[in-house]
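Below: one structure, written as structure tokens.
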Amino acid sequence: MTGVIPRRFRRAHSRTRSRGHTDQHVAVSDCERIRPGLIGQPSNTLSSLAFVLAAVPIARRAREGNSLAWAGVAASAALEGVGSMAYHGPGGRLAKAVHDAGLVALTATVATARLSERPLQVRPRAAALAVAAVTLHTLSRTGGPLCSCDSRLQGHAVFHVLAAAALVAAAPPRRPC
């Protein structure tokens, strides 16, 4: 991993353990400076809650439409939010495993839910939010043009919010009363 991160950023993304040994936090590539303590990246940790919050309206719409596929998306979004909080917070191998499992589950359940819709409906707002999220994610990585590791507003944190909003926008619309 250190080969990917430019040398000038490595120190900002390391934690010093006892006896002078240095550990690299699992979220080292997400730009925000790693801080000592339980929450390594405060902005990215807090913004991960967006996925948990997005699960609520998605679950409600799944229940309204009697859609098991969208219920799976809601559960996967909540899992990704919890995994992302662990990933950006304390970090570690288990946190990375939960984060990655949530991401894989979310990708699979969204694809399944969207492909199960008949007829398949285009949702331009979801597409625009997803494109904005991916673009920001790419440009705000460590060493990227929009990376500012000490900024309170982190590009990766905004990515979390945009991606969660894209999930809500991708869900079936609410049924009229």
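Taking the condition surrounded by 14 or more Cβ atoms within 10 Å (Cβ to Cβ), in contact with a Lys or Arg (Cβ under 7 Å, 6 or more places away or on another chain) and not acidic (D, E), does A101 pass? For A101, the condition - surrounded by 14 or more Cβ atoms within 10 Å (Cβ to Cβ), in contact with a Lys or Arg (Cβ under 7 Å, 6 or more places away or on another chain) and not acidic (D, E) - is not met. Does the range 136-159 contain any residue that is surrounded by 13 or more Cβ atoms within 10 Å (Cβ to Cβ) and over 15 Å from C31 (Cα atoms)? So far as the range 136-159 goes, no, none of its residues is surrounded by 13 or more Cβ atoms within 10 Å (Cβ to Cβ) and over 15 Å from C31 (Cα atoms). Of the helices (runs of 4 or more DSSP H) lying entirely inside the range 74-175, those containing at least 3 residues that are over 17 Å from S47 (Cβ atoms) and touching a helix residue (DSSP H, G or I) at 6+ places or on another chain (Cβ under 7 Å) span 93-116.
Residues that are small (G, A, S), at pLDDT 95 or above and under 12 Å from the mean Cα position of the chain (by Cα) do not occur anywhere in the range 107-127. Condition check for P124 on (1) surrounded by fewer than 14 Cβ atoms within 10 Å (Cβ to Cβ); (2) within 23 Å of R63 (Cβ to Cβ): one failure, at (2). Remark: pairs (first residue in the range 44-73, touching a residue at least 40 places away in the same chain (Cβ under 8 Å) and surrounded by fewer than 17 Cβ atoms within 10 Å (Cβ to Cβ); second residue among the aliphatic types (A, V, I, L, M) and not in a helix (DSSP H, G or I); Cβ separation under 8 Å; 6+ apart in sequence or on different chains) = P57/A171. Counting the residues of the range 30-69 that are part of a helix (DSSP H, G or I), hydrophobic (A, V, I, L, M, F, W, C) and over 30 Å from L115 (Cα atoms) gives 1. When restricted to residues that are buried (at least 16 other Cβ atoms within 10 Å of the Cβ) and either modelled with pLDDT of 95 or more or in a loop (DSSP other than H, G, I, E, B) (or both), the range 1-29 contains 4.
The values are calculated or read from the model by the stated rules, or taken from the named source; none is laboratory data. Computed from a predicted model, the values in this text were never measured in an experiment. Every residue, glycine among them, receives a Cβ derived from its backbone with ideal geometry; neighbour counts consider all protein chains shown.
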